[in-house]
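The values are calculated or read from the model by the stated rules, or taken from the named source; none is laboratory data. Small disclaimer: the values here were computed from a predicted structure and weren't measured. Please note: Cβ atoms are built from the backbone with ideal geometry, for glycine as well, and neighbour counts cover all protein chains shown.
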Amino acid sequence: MRSPATGPRVLLKRLRDVMAEQLGPQQRLDMIVQSIASNMVAEVCSVYVLRADNVLELFATEGLNPDAVHQSSLKFGQGLVGRIAATARPINIADAKEHPSFAYLPETGEEHYTSFLGVPMLRSGRSLGVLVVQNKVARQYHEEEVEALETSAMIIAELVAAGGLEGLNERGIGLDLSKSVTLKGVPLSDGIGSGEVVLHEPRVVVTNLFNENTELEIDRLRQALSALRISIDDMLSRGDVARDGEHRDVLEAYRMFANDRGWVRRMEEAILNGLTAEAAVEKVQNDNSARMMRQSDPYLRERLHDFDDLARRLLRQLMGKPQAALGKEMPKNAIIVARNMGAAELLDYDRDCLRGLVLEEATPTSHVVIVARAIGIAVVGQVQGVVALAENTDSIVVDGDEGVVYLRPPADVATAYAEKEVFRNTQKAHYSSLRDVPAVSRDGIGIELMLNVGLAADLPQLSETGASGIGLFRTELQFMVSATLPRLDEQESFYRNVLDEAGAKPVIFRTLDIGGDKVLPYMQQIAEENPALGWRAIRLALDRPGLMRIQLRALLRAAGGRTLSIMLPMVTEVREVVQVRAMIEKEKNLLAGFGHQLPTTLRLGAMIEVPALFWQMDELMEVVDFVSIGTNDLFQFMTASDRGNTQMANRYDSLSRPFMRALLDVAEAGKRNNTSVNLCGEIAGRPLAAMGLMALGYRSLSMSPSAIGPVKSMLLALNIERLSKRVLSQLKEPSTGQTMRELLSDFADEYGIPY
Ligand code: PEP
Ligand code: MG
């Protein structure tokens, strides 16, 4: 009896020879189908390649009518071949005519053949074509034959991906891989970005497909697997990974998968069939990715993604590149394409080269998006499947206004966008011309337009935008981008620099808002079922006062001789503010004792993010000097909908009556208590929402730098008192009537207000 792998191995050897020969592309493809047919004792072997117009064209055949090559075709999804491509799954059937999808192509002469085995030619889970064998006798193909055909299909897919078959078809239609794709997502940061794709996690390209020595390759796979397992165990036992926590759960899942017998067995089988260890990992991962694309259950998708990550790590082990190749060469106009990423990871890229960001996930209030907006690049999120479709260096246009991504855009789209960019530049010039125009409404009400920033590099925006100050300085960003905990002197000089740059303009420093989704890599994390509701921000600071004390000290020292404004995130009870005030007093005394110069004025404020504060509003306003509403968090808590959850992103409206009524309450409490009220959530930067806020009585808004121009432009055209009357009377009406959003946009249209 022959060993189970003999057939496929011989075939693979043969294919390797064919690939090595000096042949034209058509000739090579013809020899491939001949070799497969003869090895598998099939009367027919055919290759169908997916074209850019979504048609599968017969590119080569052994056994069918040779005149049908480049003439015969099927639509994607049509017939057995179309179905295989569409589902990315094989079809193995003893009598093809019995299959409900069967479509007969008379010009090929395939009526003589009964049994049919077709497999998708997969690359990163996408079908680039279909490889088929057929026989006259009715027979079911063995599992081993399916495996052999799949392996051959992968080799042809590599040939397609390498551009080896371009230009073969007579009609001059390009192949699917190079076609332009338009993908709809959600606009997350305004602007247009055009440039080159940079995959955040670049695909590892396996070039060495055929193995010379099976035992050696099995051994390499086993060694890489055990190195992978050790590296995961290592990560799990390292001090910087907390005993519990989400991060740990992911690693635990990785460890489980790294020991998954099914996964390992499938890779070993692929090696037995003649592939190298790398190619075997890739082959198994291809099937996995195809499954992932079909999977609609978010939990299972997530688990399949874990496998994807693990396979990438394994490939790096095998190819001697255990670390992600960060610090890679960046094109001058990079558009980062990723499934998702952390804020700090985005900041690892050279900011001068960043033109845009495309994510498969993320929402408007995800931190990576907030940072991207601060940098001023266009972002589109929730773009399904973009990572699999994009290749490094592909051309790409990101329309952050409309939420559309054009991958490999046709020339006319690229030209249209170049024009749009010119228009945007004119608009930008218009906004910069407004820089020194006072932010005063048509009816003479002055509004403070302030900035949300967090990095030293953001500071020039203060003079560029003409903003009146920094309404929210997210101090945690310095901590998030640092590899180790910033020391006292580092913090102090950082804050001093911020104050120097701001000059006479006010700066509100928010104390560390970490925990929840803002993770510091060097800090222990604890497992929390609901991190957003968990041990974060001021809660963590009060329980572990060491960190807070150092930060307060650094702030007090940096602001010696000037005004210092400190704001506390996630306040839930008034007593928390009182406790921090006591800590500040202690630090002040300490510094004074050492002869340090203290700030001339100290203003302490609280963020209103937790609904519980609504029933302590007057009390709160008595103990603080100012408040600032963090609508990103407040909205998620009031509507019980996670700010980072894609499913929830557009479910509830932040301009709906209940939320606007709540914001009105705060504005009125501010007037009643003579406490200044600012609002620094993302809605402050959206002109239509900002209009609504001004109508509610808000006179100080803090937003990302790119929003200052559009909001000011709206303000200059707005009669606040007139809108206010309308808004306040409509706010009392039942929620089922005209929406507040409609009311605002109708008003803006009526008075020609840009929004
Ligand atoms: C907010 O919650 O609205 C806010 C401004 O803080 P962050 O987005 O940093 O949580
Ligand atoms: Mg917040």
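Which of the residues that make up the stretch 602-613 are among the hydrophobic types (A, V, I, L, M, F, W, C) and either near ligand 1 (Cβ under 8 Å from one of its atoms) or not assigned by TED's automatic domain parsing to the domain that holds residue 581 (or both)? Lay out the reasoning, then the answer.
Our first condition is that a residue be among the hydrophobic types (A, V, I, L, M, F, W, C); within the stretch 602-613, this holds for 602, 604, 606-608, 610, 612-613.
Within the stretch 602-613, just 607 meets the criteria.
On the basis of being of a type in the set (A, V, I, L, M), modelled with pLDDT of 95 or more, within 13 Å of ligand 1 (Cβ to nearest atom) and not in a loop (DSSP other than H, G, I, E, B), does residue 701 make the cut? Against the criterion (of a type in the set (A, V, I, L, M), modelled with pLDDT of 95 or more, within 13 Å of ligand 1 (Cβ to nearest atom) and not in a loop (DSSP other than H, G, I, E, B)), residue 701 qualifies. Report yes if residue 676 is within 16 Å of ligand 2 (Cβ to nearest atom) and either crowded, with 23+ Cβ neighbours inside 10 Å or more than 30 Å from residue 428 (Cβ to Cβ) (or both), otherwise no. Considered against the rule, which asks whether it is within 16 Å of ligand 2 (Cβ to nearest atom) and either crowded, with 23+ Cβ neighbours inside 10 Å or more than 30 Å from residue 428 (Cβ to Cβ) (or both), residue 676 comes out as no. Within the stretch 633-647, the only residue that satisfies the criterion of being under 16 Å from residue 515 (Cα atoms) and more than 12 Å from ligand 1 (Cβ to nearest atom) is 642.
Test residue 477 against the stated conditions and say whether it is buried (at least 17 other Cβ atoms within 10 Å of the Cβ), assigned by TED's automatic domain parsing to the domain that holds residue 694, within 16 Å of ligand 2 (Cβ to nearest atom) and touching a residue at least 12 places away in the same chain (Cβ under 8 Å). It is true that residue 477 is buried (at least 17 other Cβ atoms within 10 Å of the Cβ), assigned by TED's automatic domain parsing to the domain that holds residue 694, within 16 Å of ligand 2 (Cβ to nearest atom) and touching a residue at least 12 places away in the same chain (Cβ under 8 Å).
Restricting attention to the stretch 725-753, report how many residues are over 30 Å from residue 473 (Cβ atoms) and part of a helix (DSSP H, G or I). Final tally of qualifying residues: 17. Inside the stretch 383-397, residues that are buried (at least 20 other Cβ atoms within 10 Å of the Cβ) and under 12 Å from residue 186 (Cβ atoms) make up a count of 1. All conditions in (1) among the hydrophobic types (A, V, I, L, M, F, W, C); (2) more than 26 Å from residue 189 (Cβ to Cβ); (3) surrounded by fewer than 16 Cβ atoms within 10 Å (Cβ to Cβ) hold for residue 648, with the sole exception of (2).
Here residue 555 meets the list (1) within 16 Å of ligand 1 (Cβ to nearest atom); (2) part of a helix (DSSP H, G or I); (3) in contact with a Phe, Trp or Tyr (Cβ under 6 Å, 6 or more places away or on another chain) almost entirely, failing just condition (1). Among the residues of the stretch 268-284, those identified as touching a helix residue (DSSP H, G or I) at 6+ places or on another chain (Cβ under 6 Å), surrounded by 24 or more Cβ atoms within 10 Å (Cβ to Cβ), in a helix (DSSP H, G or I) and of a type outside the set (D, E, K, R) are 270, 271, 277, 280, 281. Within this structure, residue 734 fails the test of being away from ligand 2 (no atom under 16 Å from the Cβ) and either among the β-branched types (Val, Ile, Thr) or closer than 25 Å to residue 427 by Cβ (or both). Would you pick out the residues in the stretch 599-615 that are under 10 Å from residue 573 (Cα atoms) and in a loop (DSSP other than H, G, I, E, B)? Selection gives 610 alone.
Scanning the stretch 617-631 for residues that are within 25 Å of residue 534 (Cβ to Cβ), part of a loop (DSSP other than H, G, I, E, B) and either away from ligand 1 (no atom under 16 Å from the Cβ) or of a type in the set (A, V, I, L, M) (or both) gives a single hit, 624. Of note, residue 636 does not satisfy the criterion of being more than 13 Å from ligand 2 (Cβ to nearest atom), out of contact with any strand residue (DSSP E or B) (no Cβ under 9 Å at 6 or more places or on another chain) and not small (Gly, Ala, Ser).
Taking the criterion of being among the acidic types (Asp, Glu) and surrounded by fewer than 22 Cβ atoms within 10 Å (Cβ to Cβ), the residues of the stretch 11-57 that qualify are 17, 21, 30, 43, 53. Say we look at the stretch 454-474 and pick out the residues that are modelled with pLDDT under 90 and within 16 Å of ligand 1 (Cβ to nearest atom); which of these is nearest to residue 507 (Cα to Cα)? Of everything passing the filter in the stretch 454-474, 454 is nearest to residue 507 (Cα to Cα).
From the list 477, 540, 512, the one residue that fits, being within 16 Å of ligand 1 (Cβ to nearest atom) and in a loop (DSSP other than H, G, I, E, B), is 512. Candidates in the stretch 81-122 are the residues that are part of a strand (DSSP E or B) and buried (at least 22 other Cβ atoms within 10 Å of the Cβ); of these, the one that is modelled with the lowest pLDDT is 122.
Does residue 714 qualify as being assigned to a helix (DSSP H, G or I), in the same structural domain as residue 467 (by TED's automatic domain parsing), under 27 Å from residue 508 (Cα atoms) and free of Cβ contacts under 8 Å to residues at least 60 places away in the same chain? It would help to see each step written out before you state the result.
Working: assigned to a helix (DSSP H, G or I): yes; in the same structural domain as residue 467 (by TED's automatic domain parsing): yes; under 27 Å from residue 508 (Cα atoms): yes; free of Cβ contacts under 8 Å to residues at least 60 places away in the same chain: yes.
It is true that residue 714 is assigned to a helix (DSSP H, G or I), in the same structural domain as residue 467 (by TED's automatic domain parsing), under 27 Å from residue 508 (Cα atoms) and free of Cβ contacts under 8 Å to residues at least 60 places away in the same chain.
Looking across the stretch 362-377, just one residue is within 24 Å of residue 609 (Cα to Cα), touching a Ser or Thr at 6+ places or on another chain (Cβ under 7 Å) and away from ligand 1 (no atom under 12 Å from the Cβ), and that is 372.
Residue-wise test of (1) within 20 Å of residue 730 (Cβ to Cβ); (2) away from ligand 1 (no atom under 15 Å from the Cβ); (3) within 23 Å of the chain's Cα centre (by Cα).
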position: 615; (1), (2), (3): no, yes, no
position: 656; (1), (2), (3): yes, yes, no
position: 662; (1), (2), (3): yes, no, no
position: 672; (1), (2), (3): no, yes, no
position: 676; (1), (2), (3): no, yes, no
position: 715; (1), (2), (3): no, yes, no
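Cβ-Cβ distances below 7 Å connect the following pairs, each with a first residue in the stretch 620-635 that is in the same structural domain as residue 650 (by TED's automatic domain parsing), a second residue that is among the charged types (D, E, K, R) and away from ligand 2 (no atom under 13 Å from the Cβ), and a separation of six or more residues or different chains: 625/603; 626/603.
Residues of the stretch 483-502 include none that is within 16 Å of ligand 1 (Cβ to nearest atom), in the same structural domain as residue 637 (by TED's automatic domain parsing), under 32 Å from the mean Cα position of the chain (by Cα) and at negative phi. The residue of the stretch 678-698 that is farthest from residue 624 (Cα to Cα), among those that are within 16 Å of ligand 1 (Cβ to nearest atom) and part of a loop (DSSP other than H, G, I, E, B), is 686.
Would you be able to say whether some residue in the stretch 126-135 is of a type in the set (Lys, Arg) and closer than 30 Å to residue 390 by Cα? Yes, there is a match, as at least one residue in the stretch 126-135 is of a type in the set (Lys, Arg) and closer than 30 Å to residue 390 by Cα. Residues in the stretch 376-430 that are part of a strand (DSSP E or B) and among the hydrophobic types (A, V, I, L, M, F, W, C): 378, 379, 380, 396, 397, 398, 404, 405, 407. Looking only at residues of the stretch 153-162 that are more than 15 Å from residue 20 (Cα to Cα) and of a type outside the set (Val, Ile, Thr), we find that the one that is modelled with the highest pLDDT is 153. Residues in the stretch 291-312 that are at pLDDT 80 or above and either surrounded by fewer than 21 Cβ atoms within 10 Å (Cβ to Cβ) or among the acidic types (Asp, Glu) (or both): 312 only.
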